[in-house]
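A.B. asks: Dropping a structure here in structure tokens format, bear with me for questions.
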Amino acid sequence: MATLTPARQSTRFLALYALAWAGGAMAYVPLLTVLLPARVETLAGDQAVTWLAYIAFCGAVAASLGNIAAGLFSDVIEHRRWPAFAGLLGYAVLTPLFGTVNTLAGLLVLIAAWQTALNLLLAPLAAWAGDSVPDDQKGLLGGLLAFAPATGAAAGVLVTISAFAGFETRLLLVIALVAAAVLPVLLVGRPVPMPQLSAQAAPSAPAPQPGSAARMWLARLLVQIAEATLFAYLYLWLREVDPRFDQATVARLFLVLLAFGIPASLLVGRWSDRHGEPIAPLRVSAALSALGLMGMALSESVTMALVGYGVFTLATGVFLSLHSAQVLRVLPSAARRGRDLGIFNLTNTVPSLVMPWLAVALIPRLGYTALFWVLAALALIAPLILPRR
């Protein structure tokens with residue numbers, strides 16, 4: 001008697017996977033947004049901005065290349081768990097060194113090695129979802145991935161509280177948080193086998209529309225440019241709107257909006273699964289992102305500015321989390337899933353290279369209003385180029 005192929009992945013594995021993905025965010029958000037800038041400021045003083053620019057550029061290049069290489073490596077050996085283990089170990093060994101290296105050259109070498117180890121963890125983990133989650137659960141997967149940004153932001157807040165004094169102590173705390181989140185899925189995660197998602201099953205699977213992967217890549221890139229730019233300049237813009245905004249207030253606002261994005265992404269993701277509409281929520285959320293940016297450009301009061309920012313952040317959070325899951329539908333090769341996801345990861349790193357030049361070209365001459373209109377135009381293109389069903 002023929003054995004039926006399991007149709008759904010277990011809730012237990014999905015929960016462990018979501019926890020691990022949140023651990024991946026905790027691995028880099030506190031260090032890159034809070035701890036490393038503070039360390040560089042201590043070491044470099046007036047040259048801190050220049051040091052951070054070099055470090056950010058070097059890190060973005062290493063992350064881009066490292067993610068593709070790590071994904072391809074996990075494809076070739078046909079295993080996701082052990083490369084991720086190796087990446088976690090490398091991350092744990094290299095992270096404490098940020099407290100001992102005290103030269104720019106040393107930090108550049110360290111950030112490149114650290115990003116390589118981090119992406120050896122993240123790339124196989126991303127591909128594992130493609131191996132294990134069927135199409136009719138990808139909306140739910142996208143909703144669960146929305147926990148990651150909020151968790152990363154919460155970890156950034158946690159490591160700055162006075163109870164964890166000392167830079168080295170905070171680095172060790174981050175390592176402990178990441179290990180606690182990632183190890184469960186690596187040690188006891190036992191996904192239901194999904195042979196229909198394997199490379200051997202690919203020839204009999206329905207082929208995506210021609211150009212679907214490229215359209216999904218470009219749409220995410222446009223939204224990510226807007227998100228990265230706003231993330232970098234949010235504090236300065238809010239201070240211009242109302243000087244009473246301080247770092248703590250901005251951090252709390254960002255965390256609250258990310259937290260609201262979790263139930264929104266879960267609800268929309270489940271809706272897309274039930275109705276078989278993976279792309280429609282992406283179109284709507286990208287359009288709402290553009291609407292939020294328009295509201296910010298037109299704002300004449302603090303209230304209107306915050307409403308526009310709230311709409312943008314919530315809609316962008318839904319778009320990015322659901323896109324991360326739905327893009328698994330359109331990858332051209334199941335046998336090279338890890339490599340192809342590494343290419344999609346460029347949409348996360350390239351904006352960091354584009355954003356500074358965009359801001360420098362517009363803000364000094366035309367102000368934040370012009371910047372928001374340009375970002376709104378980019379976000380508005382995204383729903384127009386997304387593939388059809």
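The values are calculated or read from the model by the stated rules, or taken from the named source; none is laboratory data. Predicted, not measured: the structure shown is a model, and the values here were computed from it. Note that each Cβ is placed from the backbone with ideal geometry, even for glycine, and that neighbours are counted across all protein chains shown. The accessibility values were calculated without ligands, DNA or RNA, using every heavy atom of the protein model including side chains. Shrake-Rupley method; radii C 1.70, N 1.55, O 1.52, S 1.80 Å.
A.B. asks: Starting from the Cα gyration tensor of segment 104-154, take the square roots of the eigenvalues, sort them a ≥ b ≥ c, and report rounded, prolate or oblate (rounded when a/c is under 1.5, otherwise prolate if a/b is larger than b/c, else oblate). Write down the numbers at each step before the final one.
C.D. replies: Details: a/c = 5.90, a/b = 2.00, b/c = 2.95.
Note, shape of segment 104-154 comes out oblate.
A.B. asks: Just check the chain against the gyration tensor rule for me: Cα atoms, a ≥ b ≥ c as the square roots of the eigenvalues, rounded for a/c under 1.5, and otherwise prolate or oblate depending on whether a/b exceeds b/c.
C.D. replies: Numbers: a/c = 1.75, a/b = 1.21, b/c = 1.44.
Oblate is the answer for the chain, as a/c is 1.5 or above yet b/c matches or exceeds a/b.
A.B. asks: With every protein chain present, what is the per residue accessible area of the chain (1.4 Å probe, Å²)? Walk me through the intermediate numbers first.
C.D. replies: Values: 17450 Å² over 389 residues.
Per-residue accessible area for the chain comes out at 45 Å².
A.B. asks: In segment 240-324, which trypsin sites (Lys or Arg not before Pro) fall in coil by DSSP and have 14 or fewer other Cβ atoms within 10 Å?
C.D. replies: Numbers: sites: Arg244, Arg252, Arg270, Arg274, Arg283; in loops: Arg244.
Passing both the DSSP loop test and the Cβ count: Arg244.
A.B. asks: May I ask which residue of Pro332, Ser285, Phe319 lies farthest towards the positive end of the charge dipole of segment 264-341, with charges of +1 (Lys, Arg) and -1 (Asp, Glu) on Cβ and the Cα centre as origin?
C.D. replies: Positive-most Cα among the choices belongs to Pro332.
A.B. asks: Considering only Leu16, Thr50, Pro96, whose Cα is most displaced toward the positive end of the charge dipole of the chain, charges sitting on Cβ of Lys, Arg (+1) and Asp, Glu (-1)?
C.D. replies: Leu16
A.B. asks: Where the eigenvalues come from the Cα gyration tensor of segment 67-153, what are the semi-axes √(5λ) of the equivalent ellipsoid, largest first, in whole Å? All intermediate terms of the calculation are to be shown ahead of the outcome.
C.D. replies: Values: eigenvalues 164, 56, 17 Å².
For segment 67-153, the semi-axes come out at 29, 17, 9 Å.
A.B. asks: Using a 1.4 Å probe over the heavy atoms of the protein chains, calculate the carbon and sulfur portion of the accessible area of the chain as a whole percent.
C.D. replies: On the way: 12070 of 17450 Å².
Exposed carbon and sulfur together represent 69 percent of the surface.
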